[in-house]
Every structure is written in C-alpha cells, then in structure tokens.
Amino acid sequence: MSNRTMASLMRRAKVDPMDCYQCGKCAAGCPMANSMDLNSRQIMHCTQLGEAAYNKLISSEAIWLCTGCNVCHERCPHDVDIPSVIEQARYDAIEKGKIRRKSKIFNDIFLTNLKLTGKSQEAFLALIYNMVSLDIFQDMNSVPHMLRHKLVSVLPEFIKNPKEVSNTMEKSKEWGKAEK
Amino acid sequence: MSVKENWEPKILAFCCNWCTYTGADLAGLNRMKYPENVHVIRVPCSSRVNPQFIIRAFQKGCDGVMVCGCHPGDCHYATGNYYTRRRFMLMKRLLEHNGIDPNRFVCRWISGAEAAKFRDVVTQVSNQIKAMGPNEKFREPYYLEKEAE
Amino acid sequence: MMKYSFFPGCSMGSTAKCYRLSLEYVCRQIGMDLYEIDGWNCCGATSAHVMNEVMGLALPALSLAKAEKNFPHLDIATGCAACYSRLKTAAHHCKNDAGVRYQVEKTIGMPYEAKREVLNFMDIFGTEEAMTAMQEKIRRPLKGLKVACYYGCLNVRPAAITGAPDRENPMTMENIISLSGADCIDWSFKTECCGGAHQNDATTETRPLVDVIIRNAVANGAQCIVTACPLCNMNLEMRQKEYERIFGTPRIPVFAFTELIAIAMGAHWNEIALDAHYTDASKIIAEAIRAGKEADVK
Amino acid sequence: MSRVGVFVCHCGTNIAQTVDVERVAEAAKSFPGVVYSSTYKYMCSEPGQAMIKETIEKENLDRIVICSCTPRMHEVTFRKMLKGTKINPYQLEIANIREQCSWVHTDKEKATEKAINLARMSVAKVLLNEPLHTSSIPITKRALVIGGGIAGIQAALDIADAGHEVVLVEKESSIGGKMAMLDKTFPTLDCSACISTPKMVDVSQHPNITLMTSSEIESVGGYVGNFDVTIRQKAKYVNHDICTGCGLCETKCPTKVISEFNQGLAKRPAIGKMYAQAVPAKPVIDPNACRKLIDGKCGLCAKLCPLGCINFEDEDKLVTEKFGAIVVATGYQLIEWGELYPEYGGGKYKDVITGLQFERLVNASGPSEGHILRPSDNTEPKTIVIIKCVGSRDPKKGKSYCSRACCMYGAKHAHQILDKIPGAKVVTFYIDVRTPGKNYEEFYDNTRHDGAIYVRGRVSKIYEEDGKLICLGEDSLLARKVAVKADMVVLETAMVPAVGIRELAGMLGIAVDNHGWVTEAHPKLRPVETQTGGVFLCGVCQGPKDIPDTVAQAGAAASKVIGLLNKDSMETSPMISKVDESKCAGCGFCVKMCPYKAITLEDIDVRQGPKTVKKTVAKINGGLCQGCGACNVACRTGCIELLGFKNNQILEEVDSLCL
C-alpha cells in the first residue's frame, strides 16, 4: 500500500488488509452486524480501497458499536485481526474528532469518573450518562431493586490512591495513539 | 590500502540450476534492474558448491560470495540444499576463524518464481559489500599488487 | 497450594454482590486464599482502551505491577471477563513486546515484568486440586436443575491472548457446575457476546443479543443460566422485564457459577444474597435441593 | 592446443542495445585458447547455426562458447546443432549475456564489461570440457499403476490397449474409487456407476492387466525402465481362485460394522464385497471386524460356503515384480472437518453431512435407495442448506487451495434436491462460484432457474434450535445477516490427499507439496511427469480436479508410459558423477549423501606391483544418478567428479572472473 496513512494503520494493527477475501464469515457471526452502518466485512473492504474509503470508515458509527468480542477474528479463514483494525481506526477517528455522540458522552463520563475516584461507579455512570444523553428513563426501573438489595452504594467509593490513576492516565496521553 | 573512488566490488553468486538460476533468468525476463557487479556461476545444485570454491574466490579477489538454492524442502534433488544449509553454517564460522568478515558470505534460498527476491537480495548484498569495502584478507599478493596500481 | 493475588474489579463491590459473596464462601470452604491487591484500580474497561491505546494497557498494568510487587509468586485471579481480558492483554503485550513494556513502565512509573499469569476463576476452580476440594464439600446436590453455562466472549477470546483451547464449545464451567449435581445442557450460545460493553451507550442495538442468548438457552431446556462475569450477569438479567415486553423473551434466572456451588455446599440464602437476583430463583433452587435430598434418601 | 571459437549473439537488439557485442567479440580474441570470434544477429536461427557450423570447419575449432541467452533456453538447440559437426555436443558453453546481463542492466559500459567477464568465464570453463557420450539402459516393458480409481483404471486400460502389460494395485478390496460412490456426474447428469462400471469390468477382463486388490506398495527400488517393486497383498481370507461370488456368506454374517463405502450412513457385514458392483465381485473378510479372527468365536461363513473358500489362516503375501514405468493415481479423500469446525457443530449434528455422504443418500444403490432422508430421523428434509468451501480456501482451519469440483457438484446437489423433493428449498452459501469447464456455467445457470437460492457469504455458525439447524450467514450483497432454518446441511468439504501419500512418495523418490499433493515436473509443460524418471502421475493425487480432467490426465500419463515402453532402451544424461577408482578410498561417505541411492560400494581387483589385491570403491549407477553433485563435495579424496561441472572447471570460472 503506497498511502502513508493506510500503511501506518496496517503496521499498527498488524494486519494486511489484502488477506481479506470478503467471504463474509465475520459479518455473519458478528452480534452487532445488523446495527452497524458498515459491517466487519465492509470495514475490511474500506481498508482495502484506500484513503477515501478509509475516511468513510472512521466517520462511521460501526467502529463505535463493535463490542470487541473477537468472534470475527476467531472464525476468519485468513486470520485477519479485525478488532485490531477497528481499534486503530477508532484512534484515528478520535484524532480527527469524529466520535459517535453517545460513545463520546459515555467514555468521557467514564474516564472523568475514573480519574477522580480510580474506580468505576456503575450506578453514577448510568445516572449521569442518562442525564447528559437525554435517555433519562433508561434502566430506571432497576433502581429500586438495586437500592433495596444494596447492589449499589449511595456514596461514591474511592480506591486507596486515586492520584496514581490520574497520573497514569495523564502520562498515557503523552504517547499519542489517540487523545482525549 | 585506501579505497579507490568509484570502486566496484566483485561478487560471485553460485546459483542452482533449478531455482535461483531460473529466478535470475526470470528477473531478466521481467527486466528488473540490479547492480552489474554480480556474476552468476551456474551449478546443478547448491550442494555442488564445494567450500573450496568460496575460499578460492576470496583468495583470488572476490569481495563477496553468495550461494543460492531452492527453498529447503523444495530441492530438485530432494535433499541437496539441506546439505548446503549445514555446510554453510560451518563455512561462516570457518571464514570468521580465518579473519574474513562472515558477512561477506551470504547463503539465500530463492525459488524459480522469486525474481523480485533475487533482485532484492542481489542489490542488498551488493550494497552491503560496497559499504564494507574491498576484501583484503586472504588474498594472494599478486592480486593486491595489481589492485594497488 | 491454592493461593492467588486477587483483582476484584469494580463490579464485585456493587452490582455483583451475589457473585462476590458466593465466591468468598466457596473459597472459605475449600481453603483457597485470595489476597486482594493492595491499592488496585479500575482496569479501564470499557472506555480506556477505546479512547487511548497506552491508557488501555497502563491502567491494568498498574494493578498488575502492584500485585507483582506485593505477591511476586502468586498468579493473579480475577472474576470479571472484561477485567480478565484487559489484564491479560496488558500482561501479554508487556511480556512479548519490549517496546510496549517500556512504554507501560514509563507511564505507570513502576517496573512490571509480567512474570505471573492472569487467570479467571474458571481456570482456577477447574484445576484438579480445586475440583477435588470442592467435590468433598458438596453437601446438598442440586438434582435435576438444568443449567446453561454462559462463558461470554472475553473469557475465551481472542485465542492468542487467553490461550483457551476451545473457543466454540469450552467445557470448563460445565465440569465445575456438574460438581453441584446440576445437569449442564448442550447449547449453542455459550461464547456469543451479550453486548455488555455497550449496555449504556448502545442499549437499543445490544438488546437483540441478549434476546437470542436467552432464547437458545430456554429452547435447549435450561432453567437458569450461569455466568463467570458480573457484567454479563447483570446484562443478561437486569433488563429481562423490558425484553419480555419488547421481544417476548422468556424470563430466566441468571447466576454466577460460584453461587450454585455455594448452594450445593450448603450456603444459606442470606449468606450469598440469593434474593438479590432480578428474576426469582427461589423456586427452581428449592426444587433442585428437594430432588437432591430425595435422591439421597433413596 | 585447444582451439576455441566465441560467437556473440545480438539477439536482435535484446542484447546489442545494452551490450557492445562487437567489443565483447574483440575482447574474446585475447582470451587464452580463443582463435576465432564473431557476432551475429540471431545465433539460434537457421543461418546463425549454419554460420557456426561453417566456422567450425573453416577454423578447425574443437570447442565453442556462445554468448547469448540463458543456457536453459538454447543449450539443447546448440547441442543438437553440434551433433552434425566434428565437435562433441558437450564441448560447448553458453555465456548468459541476455537474462543476466543486457536485460537487467542499463549502463552500457558496465554491462559490456560484465558480458566480457561472463564470456571469459565460459571460455575458461570450456577449455576443460571433455567430450561426453550418452549411454543407454534397457527397458522392462511392463507398467505399474498405483490406485484403482477412475484415473488408475483409465491409465491402465490405455497402456494395456497399447499392448503393454500392466499391474493395477488397489488398496481397497475393489477398484472404482470415489467415482463408484457418486450418484450422477455433472454437467450431463449421467449416472456415475453406468459409465464407470463398464470400465471396471474391462479392467478385470483385459488380457494385459493383472489386478491386485487389497494390495499396497511395500518398497520401490531401481530406476526408470528398471524398477523393482515389492507389493504387499493383504490377506483376504477368501480363496478368490475358487470363489464364485455367490454372496451367501455376506447375507448370513452376524457381525455388522459401519460401512466406509456408504460414508458411515449404513452398516455392512464383516465379510463381503465393498459394494454390489465391486470388481472383483468376490468377498473379503475385514480382520478388524470378523469375530472369528478377533476372538475365534463364529466361523459361520466357513460352515456355509459351498465351495470351502474361507481360509482364516490366510496371511499377507509379498511379491516383487519388475516394471519399466510407474503411474501414481492415488486420488483423494475428504478433509476431516469435525475437529476443524466446532462452529458448525463439530460433527454433533447428525443432519450436517458432507457432499460424499449426500452422494450416498441420493444414490439409488445407497442406504436410503435414493430417497433424500435426514440421517437423524429418516424424514424428508424440506429446507436444505449447502455450504461451499468448507476446509477449502481456509488457510487458518483447513487448506488454502480451492478444491475445484465443489462449485459444480454443489450445483448438482441443489439440482438433485429440487428434482427429488417437491417444494424443497435449497439455499447455497458461496464465496465465489467457479465454473470453468465446458457446459459448466450453463449447468449452474439452470440450477438457479430450477429454484436454488444462492447467497454470497460464508456461514459463520450452525446451531440447533427447535429441531431446526440454524445457519447464520451474511448475504454480503445486501450486507445483511441471514439465518436460514434448515432441516439438513450439506458441507462441500475440501479434498485432501489420500492417506499414506507421503510414505509412497518417499519410496518413489517423488516430491509432494506442503499439502501432500504430488508435484509434477513442470506445472505447465510436464504436467504428468514427476521429477523421478519413469514415474508419472494422474488424477487428484496431483491436486483437486474433476472427472473429465482426471480422465484426460490419465490418458496423458498413459501416453507417456507407452512412449517410454515402446523403446527398447533409453539414453541417459552423460552429465553424471564419475569415480576415479585409483583415488577412491572406499570410505562410503558419498553413499550416504546420494538422494537417489545411485552409489554403492563394490570390491574390485587392482594390480599393485606384481600382486592383485582387493579394494573397495564407490560405484555409480548411471541410470540412477541425476547429476546433482552432492557426492562431489562430500568426497574426501576428491575422486568423484561431476562431468560437465568438475571441480577444476568451476575453479577456472572463479579464477577467470577475478583476473
């Protein structure tokens, strides 16, 4: 591949896109395929076609819907590590500021929370996410059950030294490989 | 001895008739380009290459020697290149023992279809030898004198 | 020697109450020691590795490095599939790629050599030693309970990281559960993804995933599903009411696999908070215990 | 004093445009031994050759160097040319100044320099060339055909029809191979048995063919024209000389085991014919199933046989025979897919079957008498999924290659289902449809018109729910996931080489590729020859192919065998190793090196002063030696020389480059 962006993507993902012969076994097994605007087979096709198609890929919703379950890679006859391609495509998307709205909200809340407490607080996350994303009533019917059985605590919990975590997170960003 | 300007190394390549020589022909057929300083000697099999030939080449003024054959397992004569492989592991050490940089001696597997690999290997070896400069060890005084002229 | 460093993960302290209590119960019974990693932190799943490559490796490595410092001779155990995957990935890359290890060590400011293995509790309870110990402690076998063992995706895949020998039809959990006397059904969605990673930010899209899993389990005769991951567990059971309304999905209790073992060992319901499940499980468990007693009498 | 002539070819402009040929010719005049040099537009052309011949006469040359294209191209041409002159054809060297000089370089100055160097090296070598003469070896006019499938049958018949004796060896108890299992053949849909059984009968009745069933090759010695082959005839426990094939034993045998011929879909007795039309039409006992042979408790067949043919004491026999040529036609088997594809159930679903199992199901002489029934419950399936490329085109789990026949027999299966089951639905999952053959595309077209649905995508998973096999695939043309609820699934699995091919190849000294397919001598120009002289191949053992190609290849192999056997003797290459017995110490190191077992140690008488003493020396068999030269290097005393590539010849080449 002559194109530098593509060459760099493939080096990082350790995948040769031309290994893929578009049989579709990956998409057939993908649990999310029907919700994706580009399914895993089409994602690989985008990487085969070059820069323009790749730009379409990094603007897609699909890369944010991948659950990383790896069933595509597991069953691929040519052992193409599709999750790794998607992962790298996401980093490229982040660098260009193209993140699916809901994913951005969720990930930002998650990482902010993590930075502050060193732990993820499932209930708080869900609550804040629902408010910011305007899905206010999502999962609300589970709340009484959770509170009754003390499945969530009312106050946020902290790990011993949250500072270490926030330091690690800050330093991680210094290496590049996608920001935010 | 100082390296003369525009110095070109002399590189000898022993190529087996069935794979590498065919690959070299294919490189020609495809009009691939590689340095002129490589000369091929055709042998039926890489296992035909007597270590004596290599010593002689260095002695007489070659700067690099290559032995190329079929990929292990693909030998036209079934097992010949396995002998080559073992022989030239020892050869490298022998050269080192004698004070010749073992990097001047290269053993590669190039099939009849790998014209591009032939070109790449030959080019790379040629550049490598060029960077190393002329071989001075092991040579008969006559050739050294001739070169000094 | 059944001793492990223990990485609990965030869910163990909250939503996975049943899992944690039953896990602790079983460990007490068989004399397995878990040493919680001092000062462990969240592994970052599912956001860190999505947003930043190094962060996705450094966060789990931070906990692993601490474990390595405190308990240099113990393998690391974790009960959550997502944590397992992140920890194992970090350990795998640090072990096999000197460049990654350098980056990670610089980032966390600690040395980390990735000398010890990261294990999930199926690996741990699946060892011969643990199996024998558990077998000895079974007091009231659960007779006739039909169980679908659900592994989820990250406990078995990717193969290069987990090293799981069979990714389509693994049997470790079945072997463990069969100790409890329950019958494990043969079904086809053991290792399909439940979409847990996107249960907040892509709820609509992940709903059908849970639906097909539960349907296949029920179609193959399962009375309950057991998992080895708090995220899977919550995702499979929390919204069943909603799925029933939307897809007509049948309702089915979902347990952590340690719960069934704990019950078979004689744990009291309160001890392991069995009533904290979203779908009532008391009936089938009581039935299984009763059948077990009858079989014993005969 | 040698008189060398150097002829430099322009090759039109191919050489001349980057190499100054005149300068090369001029420089050549100064080389030691050279008395003449010239250039010409096309040396290989008729006038070019005439010019060389004339010059040889005129200048009284005794050896020549031609600077032209690669020796792989025209060495043979020029050697033939020399046959008509006073020079021995081996007094020739070719300097490769086209492929390895003019075509790969651009700098004319440097290229010319290199061409001069190459010419000098060739001149240095040719000075040491010796006249060589071909010798001849006699040929045994009998052929051995290994494998009794349609390839072996065809080859045996063709060779026998040409008047040569043939021995056909088959490891099973009947010939017929895979073709005998099939129901119909694409694209004409003629009945496989109807076209193959007459050929099988022809084999059994042909006066020139000796049929050895239940036999395997034990060892192979010798060389082209003179092979010594030992064949193991496995015990049949039935005396075929008196057996009439009445079949009484078969019907009464109480032991029933899984039938391999019916692909596990039915049972067979422990004694019996492989199938109804078996040739020879006589039973054998399966020693792994027969109760009498296992624990001595039965022997019913022996009591029943009216002619007393049963002999439980029968033993394997070894026979050694001489052959002039060998044809390898060992065929294929289907890949064991169960272990490889856990996502397809790994074999736990009874109604997920292979293409060959389907052939038995749909075959009128098969277990269900031609009714397509589900193996699990013997009901007629309504929806059938056909999955192609299972094990083929799958480098991670199976094989990287395309099995070539599956697209067509997949279409045939679809056609047969639609034909036999009214209202049936057939969904074929494919990656590509490959129909390169006469009337193949038309057949595929018809199948689609018959109603077969083709979905482009590979199935990711098969699972059972509510008694249906659910096939999850992607319709990649719509980019949507599809789940087909099937009653039966047919997997068109990959062809893999027959078991034991590597051992057989080892005995024959032929090569197999990393999959185990036998390697032909040249993929295009020598497709039925192997690298060992006198050993030919045909059929699927060389790589997946369909019946027409197999039969065509069998005919081709037969014609090569006939061509060889029609000769009384054959010439051998003179460029082989030669031992200088006076120097040989008899260490035997070369014996171990030789890949062709061409070297043996022998005692000879030598005169030492007044006495005659015994001495052990290496002897080279000219028929076996292929001229690789491995023994030369191994020889401690330097007494073995490879004619045409002698040590001093190569050393001279080295020296002359460094001048």
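The values are calculated or read from the model by the stated rules, or taken from the named source; none is laboratory data. Since we're looking at a predicted model, the values are computed, not measured. So basically every Cβ, Gly included, is an ideal-geometry build from the backbone, and we count neighbours across all protein chains shown.
For C:A276, the criteria (1) at pLDDT 90 or above; (2) within 18 Å of the chain's Cα centre (by Cα) hold in every case but one, which is (1).
Out of segment B:64-80, which residues are more than 10 Å from every other protein chain (Cβ to nearest Cβ) and either more than 26 Å from D:Q626 (Cβ to Cβ) or crowded, with 24+ Cβ neighbours inside 10 Å (or both)? Spell out how you get there, then give the answer.
So the first thing to find is which residues in segment B:64-80 are more than 10 Å from every other protein chain (Cβ to nearest Cβ), and the list is B:64, B:66-72.
Residues satisfying the conditions are B:G64, B:M66, B:V67, B:C68, B:G69, B:C70.
Within the set A:N130, A:N107, the sole residue that is under 14 Å from C:H198 (Cα atoms), more than 7 Å from chain C (Cβ to nearest Cβ) and in contact with a helix residue (DSSP H, G or I) (Cβ under 9 Å, 6 or more places away or on another chain) turns out to be A:N130.
Within segment A:160-172, the set of residues being facing chain C (nearest Cβ under 7 Å) and among the small types (G, A, S) comprises just one member, A:S172. What about C:D75, is it in contact with a strand residue (DSSP E or B) (Cβ under 6 Å, 6 or more places away or on another chain), surrounded by fewer than 24 Cβ atoms within 10 Å (Cβ to Cβ) and either touching a residue at least 24 places away in the same chain (Cβ under 8 Å) or within 14 Å of chain A (Cβ to nearest Cβ) (or both)? For C:D75, the condition - in contact with a strand residue (DSSP E or B) (Cβ under 6 Å, 6 or more places away or on another chain), surrounded by fewer than 24 Cβ atoms within 10 Å (Cβ to Cβ) and either touching a residue at least 24 places away in the same chain (Cβ under 8 Å) or within 14 Å of chain A (Cβ to nearest Cβ) (or both) - is met. In segment D:241-255, the qualifying residues are those that are hydrophobic (A, V, I, L, M, F, W, C) and without any contact (Cβ under 8 Å) to a residue 60 or more places away in the chain, and the one that is surrounded by the most Cβ atoms within 10 Å (Cβ to Cβ) is D:C253. Filtering segment A:93-110 to residues that are buried (at least 21 other Cβ atoms within 10 Å of the Cβ), more than 12 Å from the chain's Cα centre (by Cα) and under 14 Å from C:N52 (Cα atoms) leaves only A:F110. Every condition in (1) more than 14 Å from every other protein chain (Cβ to nearest Cβ); (2) within 20 Å of D:Y344 (Cα to Cα); (3) among the polar types (S, T, N, Q) holds for D:S392 except the one numbered (1).
Residues of segment D:499-526 that are in contact with a Leu (Cβ under 9 Å, 6 or more places away or on another chain) and modelled with pLDDT of 90 or more: D:V518 alone. Anything in segment C:149-172 that is away from chain D (no Cβ under 13 Å), farther than 19 Å from C:L209 by Cβ and not in a loop (DSSP other than H, G, I, E, B)? List them, or say none. Within segment C:149-172, C:I161, C:T162, C:T172 meet the criteria. Pull up segment A:29-41, narrow it to residues that are assigned to a helix (DSSP H, G or I) and surrounded by fewer than 24 Cβ atoms within 10 Å (Cβ to Cβ), then point me to the one that is nearest to the other protein chains (Cβ to nearest Cβ). Per the criteria, the residue is A:S35.
Evaluation of D:I258 against the conditions (1) touching a residue at least 60 places away in the same chain (Cβ under 8 Å); (2) β-branched (V, I, T); (3) out of contact with any helix residue (DSSP H, G or I) (no Cβ under 9 Å at 6 or more places or on another chain) shows that the sole unmet condition is (1). Residues that are at the interface with chain C (Cβ under 7 Å from one of its Cβ atoms), buried (at least 21 other Cβ atoms within 10 Å of the Cβ) and within 30 Å of D:G391 (Cβ to Cβ) do occur in segment A:74-87.
Considering only segment A:127-180, state which residues are part of a helix (DSSP H, G or I), hydrophobic (A, V, I, L, M, F, W, C) and over 20 Å from the mean Cα position of the chain (by Cα). So that I can check it myself, show each step before the final result.
The initial filter retains those residues of segment A:127-180 that are part of a helix (DSSP H, G or I), namely A:127-133, A:140-148, A:162-174.
Subset that is hydrophobic (A, V, I, L, M, F, W, C): A:127-128, A:131-132, A:140, A:143, A:146-147, A:165, A:169.
Those that are part of a helix (DSSP H, G or I), hydrophobic (A, V, I, L, M, F, W, C) and over 20 Å from the mean Cα position of the chain (by Cα): A:L127, A:M131, A:M140, A:V143, A:M146, A:L147, A:V165.
For segment D:494-593, give me every one of the strands (runs of 3 or more DSSP E) that falls completely inside it and has 1 or more residues that are basic (K, R) and either more than 11 Å from the chain's Cα centre (by Cα) or under 30 Å from D:R393 (Cα atoms) (or both). Those strands (runs of 3 or more DSSP E) span D:577-579. Do we have D:A505 as closer than 24 Å to D:T230 by Cβ and in the same structural domain as D:V166 (by TED's automatic domain parsing) here? Taking the combined requirement at face value, the residue satisfies it.
Residue under question is C:D38, and the condition is that it be on the phi < 0 side of the Ramachandran plot, within 12 Å of chain A (Cβ to nearest Cβ) and touching a residue at least 24 places away in the same chain (Cβ under 8 Å); does it hold? Walk me through it before giving the result.
Numbers: on the phi < 0 side of the Ramachandran plot: yes; within 12 Å of chain A (Cβ to nearest Cβ): yes; touching a residue at least 24 places away in the same chain (Cβ under 8 Å): yes.
For C:D38, the condition - on the phi < 0 side of the Ramachandran plot, within 12 Å of chain A (Cβ to nearest Cβ) and touching a residue at least 24 places away in the same chain (Cβ under 8 Å) - is met.
Of the residues making up segment D:363-392, just one is over 20 Å from D:G347 (Cα atoms) and basic (K, R), namely D:K382.
Within segment C:170-182, no residue that is outside the structural domain of C:C229 (by TED's automatic domain parsing) and modelled with pLDDT under 95 sits with its Cβ atom under 9 Å from a residue that is surrounded by fewer than 20 Cβ atoms within 10 Å (Cβ to Cβ) and of a type in the set (D, E) at 6+ positions apart or across chains.
A quick yes/no check of all residues on (1) β-branched (V, I, T); (2) surrounded by fewer than 17 Cβ atoms within 10 Å (Cβ to Cβ); (3) within 7 Å of another protein chain (Cβ to nearest Cβ):
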residue	(1), (2), (3)
A:F124	no, no, no
A:M140	no, yes, no
A:H149	no, yes, yes
A:L155	no, yes, no
A:F158	no, yes, no
A:E174	no, yes, no
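Within segment D:448-462, the set of residues being more than 13 Å from chain A (Cβ to nearest Cβ), hydrophobic (A, V, I, L, M, F, W, C) and not in a loop (DSSP other than H, G, I, E, B) comprises just one member, D:I453.
Note on segment D:465-490: residues that are under 42 Å from the mean Cα position of the chain (by Cα), in a strand (DSSP E or B) and not aliphatic (A, V, I, L, M) total 4. Is there a residue in segment C:12-30 that is more than 9 Å from chain A (Cβ to nearest Cβ), within 30 Å of A:A89 (Cα to Cα), in contact with a Ser or Thr (Cβ under 9 Å, 6 or more places away or on another chain) and surrounded by 24 or more Cβ atoms within 10 Å (Cβ to Cβ)? Taking every residue of segment C:12-30 in turn, none turns out to be more than 9 Å from chain A (Cβ to nearest Cβ), within 30 Å of A:A89 (Cα to Cα), in contact with a Ser or Thr (Cβ under 9 Å, 6 or more places away or on another chain) and surrounded by 24 or more Cβ atoms within 10 Å (Cβ to Cβ). Restricted to segment D:106-154, and to residues there that are within 14 Å of chain B (Cβ to nearest Cβ) and of a type in the set (D, E), the residue that is farthest from D:C67 (Cα to Cα) is D:D107. All told, D:G506 falls short of being of a type outside the set (A, V, I, L, M, F, W, C) and more than 13 Å from every other protein chain (Cβ to nearest Cβ). I'm trying to understand the selection: among the residues of segment C:233-245, which are among the hydrophobic types (A, V, I, L, M, F, W, C) and either within 11 Å of chain A (Cβ to nearest Cβ) or free of Cβ contacts under 8 Å to residues at least 60 places away in the same chain (or both)? Result: C:M234, C:M238. Suppose the filter is among the polar types (S, T, N, Q), assigned by TED's automatic domain parsing to the domain that holds D:E315 and touching a Pro at 6+ places or on another chain (Cβ under 6 Å); does D:N239 pass it? The answer is no for D:N239.
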